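One structure is given below, represented as C-alpha cells, and several questions about it will come after.
No lab work stands behind these numbers, since they all come straight from the coordinates. Owing to the predicted nature of the structure, the values given are computational and were not obtained by experimental measurement. Ideal geometry is used to build each Cβ from the backbone, glycine not excepted, and the neighbour counts take in all protein chains shown.
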Amino acid sequence: MEIITKLLTETFGLQLDNTGQLVAGGLTMALIMALVMATCAIVWTWAERKVAGFIQSRYGPMRVGKYHGALQPVADMVKILGKEDIIPDDADKPLFVLAPIIIFIASLLPWAAVPFAPGFIASDMDLGLFYIFAVSSGAIVGILMAGWASNNKWALYGAARGAAQMVSYEIPLALATIPVVMRTGSLNMNDIVIGQQGGIFHWNAFHDPFLFVAFMIYFISSIAEVNRGPFDMPETESELVAGYHTEYTGMRFALFFLSEYANLFLVSCIATAVFLGGWNLPVGNAVVLPGLVFLAKAVLLVLIQIWIRWTLPRLRVDQLMHVCWKVLIPLSLLCLLGSGILLMVSGEIAA
Amino acid sequence: MVVDRRDFSVNFLIALLITNKELASRKYARLRVIYIWFDAGEAAFMAEQFVPLLLVISLALIFALLFLGLSYWLGPKKASKLKKTVYECGIPVRGGIEIRFFIRFFLVALLFLLFDLEAVFIYPWAVMYQSMLDGGRMIFALSEMGVFVGILVVGLVYVWKKGALEWQ
C-alpha cells in the first residue's frame, strides 16, 4: 500500500490529500490483487491439467498456443463466455443467481490481507489472520445457497456434504494457526512474516516440533477446506454428478471454478506467510526479491496439492469426519498446549 | 480515553464522516461525547485498515457482474422446456428435493458452533500470551486457557463416547 501511494504521488505527480491517498492507493492495490488472483486462477487450471497429464503418463493440453497448450486457459475462457446461461425452471432464481457471486467475492476478499512483499499488502490490518478466516468462510453460505436453489437432489446432497466438510475443517485450520499467533503475539500478517526473519529455522514451520505438527495440520485441513482431492466429497462425480454446481452452466459455473482455484492459491499463500517465512530467504536476514520468493514458496505448495490430488484416492465421508474430529482437532489442541509450555520454558531459560 | 489499537470497532465509519477540526467546531458540539469514545486519530487508523476492504468488496462485485454481463451479452439464448429441467442423468427427474438428511449433518453443525466459538475466544488470549509471560504471570497465563480448553475437551470426550462422531 505504501509503495503504491508513493508511486502515485512521486512518479505520477498526483496531488493527493490523506483521503485521496487512501482511496487511490487502496483502489490500485485492490485492482492489482484482483488481476493477480484472476490470472493465477486461470494459470492453475492449465497447470493442473498439465501435472495430471504427466502423472498419468500423457501430455495434457498440447494444441492451443505454441508451447504445451499454453493458451488453453484463454481458449477456455473465451469458450465459456460464449455459452448459454441456463437457469432451471424449478430453481429459486434470486438465490441461484446470487450464490456464485457470493462465492466469488468470498474467494477474493481474503487477498486484501495477504502480504506479498514488505509494504505490498492491500490492507495492513491488525486483525489480518482472523479476518482471512472470517471472510473466507463466507463461501459456505454460497455453497449451501447454490445447492438449495438448484432444486436438484444431487446438488443439495453435495451442498450439505460441502458445508459439513468445510465447517468441520475450519476448526483445525483455525486452531493450527494459534501456536503461531502465540509465538508472534500479533494477528497482523506483516508482523507474522517479519517475526520469522533469520533463516529456515526461524520459520514457524521449522521452529519447533509443535509448530511443525501445526503446519501439517494446517496443510491437511486447507486441502479439505478448498474441497480438493482426496477430500473432494462435495463433488464426487461418481455419486453426485458434480455436487452443488450441477445445475450451473457457462459463466456462472466458471465463477465457481475460478473461486476454487483462487482458494487453492490463497490457502497456499497463507501457509507461506504464516508458516514458511513469507518473503524471507532460507538463509540470512537479507530481503532479496521478496515478491518472487513469496510466490515461489506458494507455487511449490500449490504443486504439492495438485500432486496429492492426482495421487491419492478419494476418502469416504465417515473417514473424512473421523480424520477431522478424532485426529486433527485433538492433535491441534495438544499443539496449543505444547507451544504454550515451550514458550513458557524457553522464556524462563532466556530470562 | 486511550483506546487500544487492537480494539475492533466501527470507528472507521466515524472517521469517514468527522475529522478532528469539524469536531472542534460548535456545530458538532453534541458529538464531543462521541469523541471521548471514538478518538479521531484512532478512527483515521481504522479507516486506513478498512477502506481498502470496502474497495476490494466493490471490485469483486464489479468483476463478477462484468463476467456475467459479458456472457449474457455473448452467449446464445435458445431456451427450451427440456433444457430448463433439472439434471437427472439423462432420464426424466425422479423425486424432488424432499430428501432425508443424515442426522449427523445437524450434529456437525452444532459441534462446529461450539468449537469455532472456542477458537475465536482463544485468539485474543494467544495475542496476549507473550506479554503475559513477560509480565511474570506464567502459571496464570497457561492455566487460564487450560481451564477453558479443558472444559471443551471434556465436552469432546463426552460427544466421542456418546458416539456422535461416528458416521455409519
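Take every Cα-Cα distance within the range A:203-351, group them into 5 Å bins from 0 onward, and report for each bin the whole-number percent of pairs it holds.
2, 8, 14, 17, 17, 15, 11, 8, 5, 2, 1, 1, 0
Using DSSP to call loops (not H, G, I, E or B), can you name the trypsin sites (Lys or Arg not before Pro) in the range B:134-168 whose Cβ has at most 15 other Cβ atoms within 10 angstrom?
On the way: sites: B:Arg137, B:Lys161, B:Lys162; in loops: B:Arg137.
Of the trypsin sites (Lys or Arg not before Pro), the ones in loops of the range B:134-168 whose Cβ has at most 15 other Cβ atoms within 10 Å are B:Arg137.
A further question follows. If I model a spin label at B:Ile57 and A:Asp318 as a point 7 Å from the Cα along the Cα→Cβ vector, what separation in nanometres do I get?
Label-label distance for B:Ile57 and A:Asp318, simple model: 4.4 nm.
Related question: Apply 1/(1 + (r/R0)^6) to the Cβ-Cβ distance of A:Trp307 and A:Ile341, taking R0 = 45 Å, and write down the FRET efficiency to the nearest 0.05.
Numbers: r = 35 Å, r/R0 = 0.78.
According to the calculation, E is roughly 0.80.
Ok, one more. Checking the cross-link filter: which lysines have an alpha carbon closer than 26 Å to that of A:Lys83, excluding same-chain neighbours under 8 positions apart?
In chain and number order, the partners are A:Lys50, A:Lys66, A:Lys93, A:Lys153, B:Lys77, B:Lys78, B:Lys81, B:Lys83, B:Lys84.
Then there's this: Assign one of three labels to the range A:41-110, namely rounded, prolate or oblate, based on the Cα gyration tensor with a ≥ b ≥ c the square roots of its eigenvalues; rounded applies when a/c is under 1.5, prolate when it is not and a/b is larger than b/c, and oblate otherwise. Could the numbers behind the result be given before it?
Working: a/c = 2.56, a/b = 2.00, b/c = 1.28.
Prolate.
Show me the three semi-axes of the equivalent ellipsoid for chain A, from the C-alpha gyration tensor (sqrt of 5 times each eigenvalue), largest first, rounded to whole Å.
Over the Cα atoms of chain A, the semi-axes work out to 33, 27, 20 Å.
Still on this structure, I have one more. If one computes P(r) from the Cα atoms of the range B:103-162, what percent of pairs lie at distances over 15 Å? Don't jump to the answer; show the numbers that get you there.
Working: 1035 of 1770 pairs.
Percent of Cα pairs beyond 15 Å in the range B:103-162: 58.
Treat each spin label as a single point 7 Å out from the Cα along the C-beta direction, and report the B:Glu144 to B:Leu65 distance in nm.
Calculated label separation equals 4.7 nm.
Testing the spin-label approximation: label points 7 Å from Cα along Cα→Cβ at A:Lys326 and A:Asp92. State their distance in nm.
3.5
How about A:Lys326: which lysines have a C-alpha closer than 26 Å to its C-alpha, ignoring those fewer than 8 places off in the same chain?
B:Lys161, B:Lys162
Please identify the DSSP H helices in chain A that span no less than 30 Å along the helix axis (Cα) and have a mean Kyte-Doolittle hydropathy of 0.5 or more. Could the numbers behind the result be given before it?
Working: long enough: A:18-55 (53 Å, 1.16); A:153-184 (46 Å, 0.62); A:250-274 (36 Å, 1.42); A:329-350 (31 Å, 1.90).
Result, helices passing both filters: A:18-55, A:153-184, A:250-274, A:329-350.
For B:Lys81 and A:Val43, what is the calculated FRET efficiency with R₀ set at 30 Å and r taken between the beta-carbons, to the nearest 0.05? It would help to have the intermediate numbers written out before the result.
Details: r = 40 Å, r/R0 = 1.33.
It comes out at approximately 0.15.
May I ask for the longest run of chain A untouched by trypsin sites (Lys or Arg not before Pro) that are loop-located per DSSP and have at most 14 neighbouring C-beta atoms (other than their own) within 10 Å? Write out the running numbers ahead of the final one.
On the way: sites that count: A:Arg58, A:Arg63, A:Lys66, A:Arg316.
Of all site-free stretches, the longest is A:67-315.
Another question, then. Which trypsin sites (Lys or Arg not before Pro) in the range B:71-120 pass both tests, a DSSP loop state and at most 10 other beta-carbon atoms within 10 Å?
On the way: sites: B:Lys77, B:Lys78, B:Lys81, B:Lys83, B:Lys84, B:Arg94, B:Arg100, B:Arg104; in loops: B:Lys77, B:Lys78, B:Lys81, B:Lys83, B:Lys84, B:Arg94, B:Arg100.
Qualifying residues, ordered by number: B:Lys77, B:Lys78, B:Lys81, B:Arg94, B:Arg100.
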